Every structure is written in structure tokens, then in C-alpha cells.
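One structure is given below, encoded as C-alpha cells.
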Amino acid sequence: MTTVLVYADDAALRDELVSKAVGLGSAKVATGDGMGLPDEDSMTVAAGLAKAAANVGADLVLVGATKKGKDIAPRLAAHMDWPYAGDAQGVEGGDGWTVARMVLSGNSLATYRMGPKAVVSVTPGTFEATGASAEDAGAVDGVKASPVKVTGTRGREADGFDLASADVVVGVGRGFKKQEDIALAEDLAKAMGGAVGCSRPIAADLKWLGEEHWIGLSGHEIKPAVYIAAGVSGQIQHIAGIRGSKIIVAVNTNKDAPIFQIADYGIVGDLYKVLPALTEKLR
Amino acid sequence: MVKIAVLVKMSPDVSQLKIDPSTREPRLQGLPWKVSDFDKHAVEAAVRLKEKGQVQKVVAYTYNPGPQGANLIKEPLAMGCDEAVVVSGPETDGAGTAKALAKAIQADGGADLVFAATESLDRVAAETGSRVGVLLGCPSLFNVQEIQGVEGGVLKALRDGDPSEAVEVPLPVVCTMNDEINHPRLPPLMQILQAGKKPIHQKTTADLGLADDELARRMEQVSNLAPKQDRKNILFEGDDAVDRLVEALRKEGVA
């Protein structure tokens, strides 16, 4: 019998993973409390999960790919000396484990065949929570406290701003000539009830907008109903962050900009004219 | 003496990647290779600590650096690494790569700090640094956003999270990082020229006492395709472009 151990530091994600795990084999779920760990630092959880996996005879450990999960999972894989697939968007059993995950800076979906024992971290939202439950994996002994001492916390600068939850996103790219001109994107976003995002150079190099606005592989992945890319050329890392958008609109003076290849609707034109006109009509 | 081992990976330049429109296969052949982008941020972070006098030696380690490796390894040296260790061995997976790198670091007497990119351009696996931490028996900080410094055998850093955490960790420790942490320098010509004279040590996994079966792949890529993009690709040009776009958005029910 195949045994699947589940861990996620987020309850909703844990439910998603348990729902999947019960279809793959005998499911067990480990929690920080249930394992009786001295603390819940990633080092400690990874070491605890290695013991829990051995205790229940796990063949697969599914870890929720939150920030913390992505820290824990590869350490767990090293403790077990098992292969690891991170941020998976699909897991199937059969002959070993078959896992799908994005590679090449988010531009291609690779399928990996893994051996009979594996650690996989799973992107939130990959599986549907069905309300299935799993038995607790139980307590583990002898896990040492983490040497990492947390002396303080720092929230991300934009408290409350959440680009990922916006229904409409207007993306600011290098086509904007001055920081003040971002007002054109803000006006359109306001008229459509949306938020302003941006490409890498605007956040990382020019710092015209904070990182909370950054769309792309290193920034935020967005899935709005409409994404309007204004003066965004469409670098491959940016595209990785907007692929989930329902409708993509591109405004760019360069007809050959790669952004048009991934757009549903495009206007070849000057954003300085197009955005105010759009704002006026959509207000 | 405080020593940093920086893990450096060479990767095809994914920013120049083209997707075959008919098969959706990424065309990797013929792409130039480069030092994987985030790794330069790890090199930069290490070199800055050396410049501050908190670290005395920075050594770059790479495993199977690919067809242009002999040339590319000079880049971290030009940026300020003192030496490089190039390890060659069988094609392997992330577990095997971490074993080879950890063994190479141990063979040199270990390191007080190991800096690595959170993830690479090509495989985006985000596992090597964490695995090396476990193999060296030390903690790892995933996606470090700031490094305050190293003093009295303790690293102070800001670790990514919700919220981010200011942490203190006794050495040795592994840190992984991405492009948030700094802006890597572009080394001046003199340093590029001098980089060729810095020591580059060639080693094999056999030299390091690793048998090929310890490095055998346990995960194999069986397919790799760009996601389907069913986009309408409708372009509006001319004076009524905005009107036609608004009309289209209204039909979609989103305006």
C-alpha cells in the first residue's frame, strides 16, 4: 500500500493536499503541533517531517508550496535522500510518481518521472479541496530546536495592497517616460476598478513602484479578468506572471513587441494617447 | 578566517528562448550559455562582505558548467571571487548536484557561509542550496532579502516570509537569494583580464570519492512543452482603435 504524507503551514492548502493524497494512497497528515516539535522554524519542521515520513512509511510527501513550504521541502528531500520536485502543478501515481512543473523561467511545463520515493511541493490551488480527511501522522521524538533566532519581523511595505486579488490590472512598462506619468495607468485602473502593476525594470531598476506591484517570475503571478499591458514589451519573465489572465490587452508603439503574441486585443499606438482615451470611455 | 563558498550554475540564456509555434517545444539548441542570473546576486553579496572585511575568502563552486563553462567561470572571478572549483561528473539530478557541491566544499575544509541562488534560470528547482545545507549539517536561510553582516561568528540577515523575519544564525549557514538582494557589479576590463590568472581547480566526482551510482538520476524529464496559449491576437490600429477595443471589452463583459 502506498502511503502519502501531507504537510502545509496553511490550513486551506492542507485540505487541498489531503483531498489529493487520499486518491493516491493511504493519506497521513503531519502538523507542527501533532509532531510535538520544539519550534516551527523550517529547519525543525523539515527534520520533524523526515522522522514522521519514516514512522508512517511514506512513499510520497506532499508539501504545500507556500514561502515556508518551499524552504522546508528541499531540506526534507535532502534528509530523506529522495528526489524533489518543487512548485508542482500536478502529481500522479503509477510507475513511480509523475509530476508536472514549470521550468525555463516559467515558460514551459515539464513532466518528470520520479522514483518510488519522492518529496513534492505543490502550488496552492492545484487540487480541489473535497473535505476529505486523513489520520494524523503522530508525534516524533528527538528533533532539535532550530539554531535560527528570529529577532524581529518586517512586513512588506504595502500593507493591504494585494495585486494578486485585483480583477483588473493595468501594467506599467518601460514605455512610460517619467515616474509621474504612472498617473495615466492609475486613472485607467481607477476607472475600471482595478490596480496598477508593473514590469521588472519599473520595480527593480527604476523603483518607480514598490515590489508589491511587480508582475513576473520574481514578482507576483496574476490571474485577473483583464490585464492591460501598457508600454510593456513582454519579456519572457513578465509573461510567466500574466499567463493566467483571462483577457490580455496590450498597448505598445512597437508592432513587433512580443507582448502582442500573448494578447487577446492589442492597440498599436502611443500609450500617452490610448490610456487617457480608454479612461474617458470606461469611466 | 571566514570563508564563503558561492554556488554558481551555468544555464542556457532563457531570456533568448523561442518556442516552436507548431510543436510548443522550447528551442534550447543554439542558445548561448550564461551564469544563471540569480547566482550573480549571490556572488555580489559574498564579494561585498569581503570588501567590508567581514569575510576573508570567497570561492566559487560549479558542477558540470556546460559547453561554455571554461569561459563563464571567469565571470564570478572577475566580480571578485578569489578562486573557483569546477567539479565534473555524470549527468545527475538536483540531489546529485548538491552531493557533488557539498563534497567539494568539504574537501576544501568546509565553509563558514554558503551563498547560492534561490533558483536557477533553467530548472527553477529551488533545491540546491537547501540540500547543501542539510548535507553540510547546517541551517539554511531560504530567499534572504538583506544581509546585515557577519560578526563574532553570527550572521544577521532578513529572511523572506509573511512577514519577513530578521534572523541571527551562528555559522556555518547557507543562504539562498534572488535578484531582490542587490545589483551585481559589471566588472571593469582590468578585473576581467586578471580573472584569467586566478586559480581554477578542476575536480571530478571520482576525485571527491563519489561513486557514479550515488549520483544516479532519480527523476527524469519525460516531456517539456510551453503551455497552450489560446489568445485571440486581434490588433486594432488607426483612429478608431480605442473605440473598437472598448466595444470588444464590453462584448467580453469586462468593461
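The values are calculated or read from the model by the stated rules, or taken from the named source; none is laboratory data. Given the structure is predicted, the values throughout are model-derived calculations rather than measurements. Cβ sites come from the backbone with ideal geometry, for glycine too, and all protein chains shown count toward neighbours.
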List every residue pair whose Cβ atoms sit under 7 Å apart, with the two residues 6 or more apart in sequence or on different chains, where the first one lies in segment A:216-239 and is more than 8 Å from chain B (Cβ to nearest Cβ) and the second, anywhere, is part of a loop (DSSP other than H, G, I, E, B) and of a type in the set (Asp, Glu). A:Pro224/A:Asp167
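Table: residues versus (1) closer than 26 Å to B:Val14 by Cα; (2) basic (Lys, Arg); (3) in contact with a strand residue (DSSP E or B) (Cβ under 9 Å, 6 or more places away or on another chain); (4) not assigned by TED's automatic domain parsing to the domain that holds A:Ile239.
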position	(1), (2), (3), (4)
A:Ser42	no, no, yes, yes
A:Lys51	no, yes, no, yes
A:Ala58	no, no, yes, yes
A:Lys70	yes, yes, yes, yes
A:Ala100	yes, no, yes, yes
A:Leu104	yes, no, yes, yes
A:Tyr112	yes, no, yes, yes
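Results for (1) of a type in the set (Gly, Ala, Ser); (2) closer than 17 Å to B:Gly94 by Cβ; (3) more than 10 Å from chain B (Cβ to nearest Cβ), shown as yes or no for each residue.
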| position | (1), (2), (3) |
| --- | --- |
| A:Pro38 | no, no, yes |
| A:Lys51 | no, no, yes |
| A:Val61 | no, yes, yes |
| A:Ala77 | yes, yes, no |
| A:Asp95 | no, no, yes |
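Go through the residues of segment B:163-178 one by one and say whether even a single one is free of Cβ contacts under 8 Å to residues at least 24 places away in the same chain and either under 21 Å from the mean Cα position of the chain (by Cα) or farther than 30 Å from B:Val144 by Cβ (or both).
Quick first cut of segment B:163-178, residues free of Cβ contacts under 8 Å to residues at least 24 places away in the same chain only: B:163-166, B:168, B:170.
Cutting the leftovers down to either under 21 Å from the mean Cα position of the chain (by Cα) or farther than 30 Å from B:Val144 by Cβ (or both) gives us none.
Within segment B:163-178, not a single residue is free of Cβ contacts under 8 Å to residues at least 24 places away in the same chain and either under 21 Å from the mean Cα position of the chain (by Cα) or farther than 30 Å from B:Val144 by Cβ (or both).
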List the pairs whose first member sits in segment B:216-232 and is touching a residue at least 40 places away in the same chain (Cβ under 8 Å), whose second member is surrounded by fewer than 16 Cβ atoms within 10 Å (Cβ to Cβ), and whose Cβ atoms are under 6 Å apart, counting only residues at least 6 apart or on separate chains? B:Leu225/B:Arg24; B:Ala226/B:Arg24
Out of A:Thr151, A:Thr130, report the one residue that is touching a residue at least 12 places away in the same chain (Cβ under 8 Å) and closer than 30 Å to A:Leu49 by Cβ. A:Thr130
For A:Arg75: the one exception among (1) surrounded by fewer than 23 Cβ atoms within 10 Å (Cβ to Cβ); (2) within 22 Å of B:Gly133 (Cβ to Cβ); (3) not β-branched (Val, Ile, Thr): (1)
Are any of the residues in segment B:62-70 out of contact with any Cys (no Cβ under 7 Å at 6 or more places or on another chain), more than 12 Å from chain A (Cβ to nearest Cβ), surrounded by fewer than 21 Cβ atoms within 10 Å (Cβ to Cβ) and assigned to a helix (DSSP H, G or I)? yes
Within segment A:29-36, identify whether any single residue is within 12 Å of chain B (Cβ to nearest Cβ), within 23 Å of the chain's Cα centre (by Cα) and among the polar types (S, T, N, Q), and answer yes or no. no
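Would you confirm, using the coordinates I've provided, whether A:Met1 is surrounded by fewer than 16 Cβ atoms within 10 Å (Cβ to Cβ) and either under 22 Å from the mean Cα position of the chain (by Cα) or more than 25 Å from A:Val148 (Cβ to Cβ) (or both)? So that I can check it myself, show each step before the final result.
Details: surrounded by fewer than 16 Cβ atoms within 10 Å (Cβ to Cβ): yes; either under 22 Å from the mean Cα position of the chain (by Cα) or more than 25 Å from A:Val148 (Cβ to Cβ) (or both): yes.
For A:Met1, the condition - surrounded by fewer than 16 Cβ atoms within 10 Å (Cβ to Cβ) and either under 22 Å from the mean Cα position of the chain (by Cα) or more than 25 Å from A:Val148 (Cβ to Cβ) (or both) - is met.
Can you tell me which residues in segment B:223-243 are over 20 Å from A:Leu275 (Cα atoms) and either at the interface with chain A (Cβ under 7 Å from one of its Cβ atoms) or in contact with a Leu (Cβ under 6 Å, 6 or more places away or on another chain) (or both)? Steps first, answer last, please.
Narrowing segment B:223-243 to residues over 20 Å from A:Leu275 (Cα atoms): B:223-232.
Of everything in segment B:223-243, those that are over 20 Å from A:Leu275 (Cα atoms) and either at the interface with chain A (Cβ under 7 Å from one of its Cβ atoms) or in contact with a Leu (Cβ under 6 Å, 6 or more places away or on another chain) (or both) turn out to be B:Ser223, B:Asn224, B:Leu225, B:Ala226, B:Pro227, B:Gln229, B:Arg231, B:Lys232.
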Would you mind telling me which numbered condition in (1) in contact with a helix residue (DSSP H, G or I) (Cβ under 7 Å, 6 or more places away or on another chain); (2) touching a residue at least 40 places away in the same chain (Cβ under 8 Å) A:Arg200 fails? (2)
Members of segment B:127-162 that are closer than 23 Å to B:Leu215 by Cα, touching a Lys or Arg at 6+ places or on another chain (Cβ under 7 Å) and in contact (Cβ under 8 Å) with a residue 24 or more places away in the chain: B:Ser130, B:Gly133, B:Leu135, B:Ser140
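Being in contact (Cβ under 8 Å) with a residue 24 or more places away in the chain and within 14 Å of another protein chain (Cβ to nearest Cβ) is true for just one of B:Ile73, B:Ile19. Which residue is that?
Going through B:Ile73, B:Ile19 in turn, the sole match is B:Ile19.
Residue by residue, here is whether (1) facing chain B (nearest Cβ under 10 Å); (2) at pLDDT below 90; (3) more than 15 Å from A:His220 (Cβ to Cβ) holds:
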{"site": "A:Val140", "(1), (2), (3)": "no, no, yes"}
{"site": "A:Lys149", "(1), (2), (3)": "yes, no, yes"}
{"site": "A:Gly155", "(1), (2), (3)": "yes, yes, yes"}
{"site": "A:Asp162", "(1), (2), (3)": "no, yes, no"}
Mind checking whether some residue in segment B:31-46 is within 14 Å of chain A (Cβ to nearest Cβ), more than 30 Å from B:Asp207 (Cβ to Cβ) and in a strand (DSSP E or B)? no
Taking into account only those residues within segment B:187-203 that are under 21 Å from the mean Cα position of the chain (by Cα) and modelled with pLDDT of 95 or more, which is farthest from B:Gly80 (Cα to Cα)? B:Lys203
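Every residue, every condition in (1) surrounded by fewer than 15 Cβ atoms within 10 Å (Cβ to Cβ); (2) farther than 27 Å from A:Asp10 by Cα; (3) of a type in the set (Lys, Arg), yes or no:
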{"residue": "B:Gln148", "(1), (2), (3)": "yes, yes, no"}
{"residue": "B:Lys156", "(1), (2), (3)": "no, yes, yes"}
{"residue": "B:Ala166", "(1), (2), (3)": "no, no, no"}
{"residue": "B:Asn178", "(1), (2), (3)": "no, no, no"}
{"residue": "B:Leu186", "(1), (2), (3)": "yes, yes, no"}
{"residue": "B:Gln194", "(1), (2), (3)": "yes, yes, no"}
Within segment B:93-106, identify whether any single residue is more than 7 Å from chain A (Cβ to nearest Cβ) and farther than 23 Å from B:Val35 by Cβ, and answer yes or no. yes
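Yes or no, residue by residue, for (1) under 18 Å from A:Asp167 (Cβ atoms); (2) more than 30 Å from the chain's Cα centre (by Cα); (3) at the interface with another protein chain (Cβ under 8 Å from one of its Cβ atoms):
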{"site": "A:Ile247", "(1), (2), (3)": "yes, no, yes"}
{"site": "A:Gln261", "(1), (2), (3)": "no, no, yes"}
{"site": "A:Asp264", "(1), (2), (3)": "yes, no, yes"}
{"site": "A:Lys273", "(1), (2), (3)": "no, yes, no"}
Restrict the check to segment B:36-52 and report whether at least one residue is surrounded by 17 or more Cβ atoms within 10 Å (Cβ to Cβ), of a type in the set (S, T, N, Q) and in contact with a Leu (Cβ under 9 Å, 6 or more places away or on another chain). yes
Hey, does segment A:214-230 have a residue that's on the phi > 0 side of the Ramachandran plot and surrounded by 14 or more Cβ atoms within 10 Å (Cβ to Cβ)? yes
Quick one: which of A:Lys281, A:Lys255, A:Lys246 is closer than 12 Å to B:Val242 by Cβ and basic (Lys, Arg)? A:Lys281
